[in-house]
Amino acid sequence: MQESVAAGRRPDGVALDTPRRYGLVTRLFHGTLAALVLWQFAIVALYKIFGETPWLNGIARFGPHGYVGLAVLAIAVPRSLWRLSQLRRQPPQERGALGRLARLSHLALHGLMVVVPALALVRIYGKGKGWEIGGVTLIPTTGREEPWLIAAPDALHGPLSWALLALIAGHVGMALTHALVWRDGTLKRMFGRL
Ligand code: HEM
Ligand code: HEM
């Protein structure tokens with residue numbers, strides 16, 4: 001820090017990204033969204049495997065699908081804005097095809113974390129029954145079903161969710177390859193010392 005002050009640069013602190021590592025804010029966004037999104041898939045997968053059982057309903061009640069999805073949307077939007085604000089500071093991706101693939105997949109992860117839950121909300125609006133949480137109207141009741149508004153979410157919410165899961169599997173696989181095979185410190189940019 002003294003060096004950066006001596007060199008006339010502002011000390012970075014731990015909150016912001018630097019070209020060497022992601023900062024605390026990015027890490028908090030990353031960890032929170034990863035946990036919420038993985039929860040969604042874990043619960044959906046368990047329902048697909050075991051069907052509706054009392055024990056699974058009991059677990060799912062800790063984080064109902066709609067509420068957790070809404071939280072993902074509410075956090076993913078500021079996270080994407082935060083990422084934009086850090087673009088010039090963030091650790092750079094390597095040159096070449098792998099770096100481009102990493103940039104593209106990160107972009108797709110950001111996009112799908114917004115689009116997947118947003119589509120589900122459009123569907124609720126299109127059904128006309130509204131959505132109220134704790135007395136607060138989140139989506140107004142129109143009393144009219146709009147088939148053209150429901151069609152896209154019906155067709156896309158599931159498939160885009162599975163595409164998101166496939167991307168996450170590739171993302172985690174690459175993170176582990178960096179850590180265990182190439183041992184190039186990429187994992188430390190997100191999880192190492194600040
Ligand atoms: C536990 C599993 C995970 C591990 C080990 C992991 C690891 C990492 C690492 C090491 C980076 C930095 C990559 C780099 O600098 O090139 C990163 C970035 C990123 N990760 Fe993950 N990740 C995990 C789960 C997830 C999940 C579930 C999502 C999305 C739902 C996600 C979305 C992202 C995004 C968008 C970035 C780019 C940085 C940013 O824009 O904030 N990650 N992850
Ligand atoms: C990140 C957020 C979300 C993820 C990852 C996600 C993921 C999924 C997945 C994997 C399925 C199963 C699809 C299938 O059976 O093939 C599903 C279904 C469903 N989700 Fe979500 N979801 C999210 C947000 C939401 C939100 C915010 C709502 C509503 C408020 C919602 C409502 C539904 C409904 C009603 C279904 C059953 C009908 C359908 O498959 O489209 N989801 N979701």
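Could you tell me whether any residue of the range 131-140 is within 12 Å of ligand 2 (Cβ to nearest atom), at pLDDT 95 or above and either surrounded by 15 or more Cβ atoms within 10 Å (Cβ to Cβ) or on the phi > 0 side of the Ramachandran plot (or both)? Yes; the residues of the range 131-140 include at least one that is within 12 Å of ligand 2 (Cβ to nearest atom), at pLDDT 95 or above and either surrounded by 15 or more Cβ atoms within 10 Å (Cβ to Cβ) or on the phi > 0 side of the Ramachandran plot (or both). Given the structure, is Arg193 closer than 15 Å to Tyr22 by Cβ and away from ligand 1 (no atom under 13 Å from the Cβ)? When the stated conditions are applied, Arg193 passes them. Condition check: within 12 Å of ligand 1 (Cβ to nearest atom), surrounded by 11 or more Cβ atoms within 10 Å (Cβ to Cβ), more than 24 Å from Arg123 (Cα to Cα) and touching a residue at least 12 places away in the same chain (Cβ under 8 Å). Does Trp39 satisfy that? When the stated conditions are applied, Trp39 does not pass them. The number of residues in the range 144-169 being within 11 Å of ligand 1 (Cβ to nearest atom) and open to solvent by 40 Å² or more (accessible area, probe 1.4 Å) comes to 3.
Anything in the range 1-57 that is modelled with pLDDT of 95 or more, more than 23 Å from Thr186 (Cα to Cα) and either small (Gly, Ala, Ser) or not assigned by TED's automatic domain parsing to the domain that holds Arg83 (or both)? List them, or say none. Ala42, Ala45, Gly51, listed by residue number. Going through (1) within 16 Å of ligand 2 (Cβ to nearest atom); (2) closer than 30 Å to Val14 by Cα; (3) out of contact with any helix residue (DSSP H, G or I) (no Cβ under 7 Å at 6 or more places or on another chain) one by one, Gly185 falls short only on (1).
Could you list all residues from the range 173-190 that are open to solvent by 70 Å² or more (accessible area, probe 1.4 Å) and closer than 17 Å to Met113 by Cβ?
none
Here Pro92 meets each of (1) touching a residue at least 24 places away in the same chain (Cβ under 8 Å); (2) surrounded by 11 or more Cβ atoms within 10 Å (Cβ to Cβ) with one exception, condition (2).
The values are calculated or read from the model by the stated rules, or taken from the named source; none is laboratory data. This is a predicted model, so every value here is computed, not measured. Glycine also receives a Cβ, built like all others from the backbone with ideal geometry; neighbour counts cover every protein chain displayed. Please note that ligands, DNA and RNA were not included when accessible areas were found on the heavy atoms of the full protein model with its side chains. Shrake-Rupley method; radii C 1.70, N 1.55, O 1.52, S 1.80 Å.
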